[in-house]
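Notes follow the structure.
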Amino acid sequence: MSGTAKLEYLCGLFLRSMISVDAVSVEFNGSALFSNVTFNINENDRIALMGKNGAGKSTLLKIIAGVSKPTRGKVSAPKDAVIAYLPQHLLTEDNATVFEEASKAFSKILNMKKRMDELNVELEVRTDYESDAYAKIIEEVSELSEKYYSIEEINFDAEVEKTLMGLGFLRSDFTRPTGEFSGGWRMRIELAKILLQKPDLILLDEPTNHMDIESIQWLEDFLVNSAKAVIVISHDKAFVDNITNRTIEVTMGRIYDYKVNYTQYLQLRKERREQQQKQFDDQQKEIADITEFIERFKGTYSKTLQVQSRVKMLEKIKIVEVDEVDTSHLNLKFPPAPRSGNYPVIAEGLTKRYGDHVVFNDANVTIARGERIALVGKNGEGKSTFVKAVMGEIDFEGKLQVGHNSLIGYFAQNQASLLDEDLSVFQTIDQIAEGDVRSKIKDILGAFMFSGEAIDKKVKNLSGGEKTRLAMIKLLLQPVNLLILDEPTNHLDIKTKDILKDALRAFDGTLILVSHDRDFLDGLATKVFEFGNKRIREHFEDISGFLRNKKMENLREIERTAK
């Protein structure tokens, strides 16, 4: 057995048989989220779980992970199968360093050795050689020994180091307490622990939201070449296309299973819905013809039998269902921006350092009224730090002046997590609504796809996308002329991203955008600030022109070379 195969054996046996989802149903307050969902997960399956926000994707993932229970149905897996789950929001404990926390992935192996040693000590002191208890100890030791000693020496430290560095950590980070890191970096630590376990099935819910492009590429490579089976929820189209070979769509309480990646699935879904629509239209024409005959001859004695026959025919018709197309419109409309001064942001000699680490040095930045700026560069080069300096959230060296009459609207990466989880959707907005807006709260929520019972849902029961939309509503209810958005598309589905982009195009104030989503920035930002090598460089062109002049295809390359 090779060293790699033995490491895989350590943390979970190969998927000898499929994991099956059998007739799973979930109901809330008598209303079905989905019903009788059935499918199998085989080794080498890399599944994209798709569907609009609120369709039940995260709920289904939690059920497969064993975190939640279905109303009916079950998930079956081999006894020794290891299923690893990374939720959208998770924080590691604060009582360990980064390296120590990641090394917990091998606790199963270390516990195996510890248990074996304990049993051997017990065997040395016991004298009841003929007893059943002694025989059971011998049996357990033999079973553990067979597993443990079939494994060659593996350099656990090297595996941990390779995985942490692949996910963007520096060696100098290894000895730092996890409590010093943001939620996004803690999420990477949890991801490292999952990947080091070499599980039979990896479940990932929006794994790329807090990752820079280089780390995303590393993760893609791992999932394609090293993972056994994967189910992922992600609104990152490129990521999903690169790693998946199967797409399961959750829609209208049921699923459709396609053995293709996301792009091919979109085409097949379009064809499916066109076919359903044709069947529906043909059926409606048939119903209209039957109804017309009944109405025309229902009082005619000679046609009584024919009329009765058609009435029965009409009663037996099962209406063709056309799967919903997500036509809900996120009618984002920012209030008119009050006029600000000519230069909302001016920085001179701006320097930020943490101890000996310099983020950027002696930066000079001027942002004029109405400009639309994209901040690009590898994570850790200072994009979010610059934003925090503008917001006055951190200390810095040099000068930074926010211009006259600048009214700032700020959407931070963790904005959704700042919501009060015990409030309902309605209460969240009702708390901040003023004047005429109070009478329009339901209309506003409806425009953001919160309607019916959804407005009474607690924030803690919302999906990541729903929380992001709710946080965006709070931002929209106040007029601003300087809008700063730090990764605003995290947790937003592809359609909602497009609608947000349209609203930002119509915004008449000054816009500063931090995003690694090239498609989102394209046609939106008209100037680029490039962060890297402790500098902030200004480029007088849109994102496409910036990449073209850099002779690069996409932001992945600029973020990779920013080192």
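Name the single residue, out of those in the stretch 124-160 being open to solvent by less than 60 Å² (accessible area, probe 1.4 Å) and among the polar types (S, T, N, Q), that is modelled with the highest pLDDT. That would be S131. Within the stretch 208-235, the set of residues being modelled with pLDDT under 85, acidic (D, E) and open to solvent by 30 Å² or more (accessible area, probe 1.4 Å) comprises E214 only. Per the listing L475, L483, L492, the residue uniquely hydrophobic (A, V, I, L, M, F, W, C), crowded, with 22+ Cβ neighbours inside 10 Å and either at pLDDT below 90 or assigned to a helix (DSSP H, G or I) (or both) is L492. Against the numbered list (1) open to solvent by 10 Å² or more (accessible area, probe 1.4 Å); (2) under 24 Å from the mean Cα position of the chain (by Cα); (3) over 26 Å from R438 (Cα atoms), R505 comes up short only at (2). Every test in (1) over 22 Å from L223 (Cα atoms); (2) in contact with a helix residue (DSSP H, G or I) (Cβ under 9 Å, 6 or more places away or on another chain) is passed by L86 save one, and that test is (1).
Within the stretch 75-88, identify whether any single residue is among the aromatic types (F, W, Y) and under 22 Å from the mean Cα position of the chain (by Cα), and answer yes or no. Among the residues of the stretch 75-88, at least one is among the aromatic types (F, W, Y) and under 22 Å from the mean Cα position of the chain (by Cα), which makes the answer yes. Residues of the stretch 375-408 that are outside any strand (DSSP E or B), farther than 11 Å from F531 by Cα, of a type in the set (V, I, T) and out of contact with any helix residue (DSSP H, G or I) (no Cβ under 7 Å at 6 or more places or on another chain): V387, V390.
Search the stretch 412-446 for residues being of a type in the set (D, E) and at pLDDT below 80, and hand back the single one that is most open to solvent (accessible area, probe 1.4 Å). Only one residue tops the list, namely E434. The single condition from (1) surrounded by fewer than 22 Cβ atoms within 10 Å (Cβ to Cβ); (2) over 22 Å from K113 (Cα atoms); (3) among the charged types (D, E, K, R); (4) in contact with a helix residue (DSSP H, G or I) (Cβ under 7 Å, 6 or more places away or on another chain) that D205 fails is (1).
Taken over the stretch 238-283, the criterion of being open to solvent by less than 30 Å² (accessible area, probe 1.4 Å), touching a residue at least 40 places away in the same chain (Cβ under 8 Å) and assigned to a strand (DSSP E or B) is satisfied by R246, T247, I248, E249, V250, T251. Restricting V514, V528 to those that are within 25 Å of Y343 (Cα to Cα) and in contact with a His (Cβ under 6 Å, 6 or more places away or on another chain) reduces the list to V528. Within the stretch 99-117, one or more residues are under 27 Å from N209 (Cα atoms), modelled with pLDDT under 85 and not aliphatic (A, V, I, L, M). Just one of the listed residues (R188, R171) is of a type in the set (D, E, K, R), surrounded by 20 or more Cβ atoms within 10 Å (Cβ to Cβ) and either farther than 21 Å from S107 by Cβ or modelled with pLDDT under 85 (or both), namely R188.
Within the stretch 358-367, identify whether any single residue is open to solvent by 10 Å² or more (accessible area, probe 1.4 Å) and in a loop (DSSP other than H, G, I, E, B), and answer yes or no. Among the residues of the stretch 358-367, not one is open to solvent by 10 Å² or more (accessible area, probe 1.4 Å) and in a loop (DSSP other than H, G, I, E, B), which makes the answer no.
When L407 is tested against the conditions (1) surrounded by fewer than 17 Cβ atoms within 10 Å (Cβ to Cβ); (2) at pLDDT below 80, the lone failure is (2). State all residues of the stretch 420-460 that are of a type in the set (A, V, I, L, M, F, W, C) and in a loop (DSSP other than H, G, I, E, B); if no residue qualifies, say none. Matches in the stretch 420-460: L423, I432, A433, F448, M449, F450. Only strands (runs of 3 or more DSSP E) whose full extent lies in the stretch 16-55 are considered here, and the ones with at least 1 residues that are modelled with pLDDT under 85 and under 29 Å from M449 (Cα atoms) are 19-28, 31-41.
The values are calculated or read from the model by the stated rules, or taken from the named source; none is laboratory data. Nothing here was measured: the structure is a model prediction, and the numbers come from that model. Cβ coordinates were reconstructed from backbone atoms using ideal geometry, including for glycine residues, and neighbour counts include every protein chain displayed. Side chains are part of the model used for accessible areas, which takes the heavy atoms of the whole protein and leaves out ligands, DNA and RNA. Shrake-Rupley method; radii C 1.70, N 1.55, O 1.52, S 1.80 Å.
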